[in-house]
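Structure record follows, encoded as structure tokens.
The values are calculated or read from the model by the stated rules, or taken from the named source; none is laboratory data. As the structure is a prediction and not an experimental result, all values here were calculated from the model. Neighbour counts are summed over all protein chains in view; Cβ atoms, including those assigned to glycine, are modelled from backbone coordinates with ideal geometry. We work out accessible area using only protein heavy atoms, side chains counted, and drop any ligands, DNA or RNA first. Shrake-Rupley method; radii C 1.70, N 1.55, O 1.52, S 1.80 Å.
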Amino acid sequence: MVRGKTVIERIENTTSRQVTFSKRKSGLFKKARELGVLCDAQVAVVLFSNTGRLYDYSNCNSGMKSIIERYQHVKEGQQFMSASAEAKFWQAEGERLRQQLHNLQENHRQLLGQHLSGLGLEDMRGLESQLETSIHNIRLTKDQLMIDEIEELNKKESLVHQENTELYKKLNIIRRQNLDLQNKLNGQVEVNETITSSSSQYNIAARADPVCLQVSHPHHAERDEQPESPTLCL
């Protein structure tokens with residue numbers, strides 16, 4: 001029967017956790033003994049349980065203390081050697097960076113046409129080729145920038161043209177509205193003039209035919225003749 005893979009996680013059950021601790025502690029010490037015997041190595045194992053109890057194993061005849069002292073001595077030496085090695089590494093790195101900076105500065109001067117006395121024919125050809133490549137790349141970049149700017153200007157022109165078209169349409173609408181209002185105003189003026197003309201004609205006609213009033217005198221029986229009555233015209 002094939003055993004399932006054990007999940008490595010904390011065992012919640014206290015009894016099971018204690019049983020597993022005892023079994024694996026024994027197995028760990030057994031592997032340490034085997035490693036010391038097979039490889040002639042000095043092995044020390046220090047283990048604390050979850051209750052704080054100490055378990056240790058050492059195959060050294062002088063005991064655990066000698067192995068711990070040896071460990072501390074070697075660790076301090078490694079730290080000292082590590083600091084020295086790190087210092088040497090950074091010194092070498094600084095020298096490499098200084099040399100790289102010097103080479104870049106020299107190359108920059110040569111690209112500017114300076115310090116060319118130490119260059120041979122092949123070096124001159126390489127420098128010339130490098131300059132031609134740089135100029136070609138610069139021109140390509142410049143052309144691309146100009147193309148991008150032209151496209152942007154074309155887009156702006158299209159937007160401005162569209163805005164002008166919309167404004168022209170709005171202007172035509174306003175002109176038509178003004179024309180309609182002017183026509184309405186002209187129509188009202190003509191109607192008013194017609195009414196005024198008709199009223200004037202009526203007044204003139206009334207003045208052309210005056211009203212005549214005649215005053216009559218009372219009849220006199222004793223007189224045979226009647227005087228002529230005066231006439232008042234309006």
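Projecting the Cα positions of T133, Q144, I68 onto the charge dipole of region 15-155 (unit charges on Cβ atoms of Lys, Arg, Asp and Glu, taken about the Cα centre) puts I68 furthest along the positive direction. Averaging the Cα positions of each part gives two centres, and for region 25-44 and region 57-129 these lie 40 Å apart. A straight Cα-to-Cα reach below 23 Å connects K75 with the lysines K65, K88, residues fewer than 8 places away in its own chain not being considered. Need one word for region 69-189: rounded, prolate or oblate. Basis is the Cα gyration tensor (sqrt eigenvalues a ≥ b ≥ c); a/c below 1.5 gives rounded, then a/b vs b/c decides. Oblate is the answer for region 69-189, as a/c is 1.5 or above yet b/c matches or exceeds a/b. The order of F89, F29 by accessible area, most exposed first and with a 1.4 Å probe, is F89, F29. Take the alpha carbon gyration tensor of region 62-115, find the square roots of its eigenvalues, order them as a ≥ b ≥ c, and report rounded if a/c is under 1.5; if not, report prolate when a/b exceeds b/c, else oblate. The shape class here is prolate. Normalised per residue, the accessible area of region 12-59 is 76 Å², obtained with a 1.4 Å probe and no contribution from ligands, DNA or RNA. What shape does region 12-59 have by the C-alpha gyration tensor, where a ≥ b ≥ c are the square roots of the eigenvalues, rounded means a/c under 1.5, and otherwise prolate means a/b greater than b/c and oblate the rest? Since a/c reaches 1.5 but b/c is at least a/b, the shape of region 12-59 is classed as oblate.
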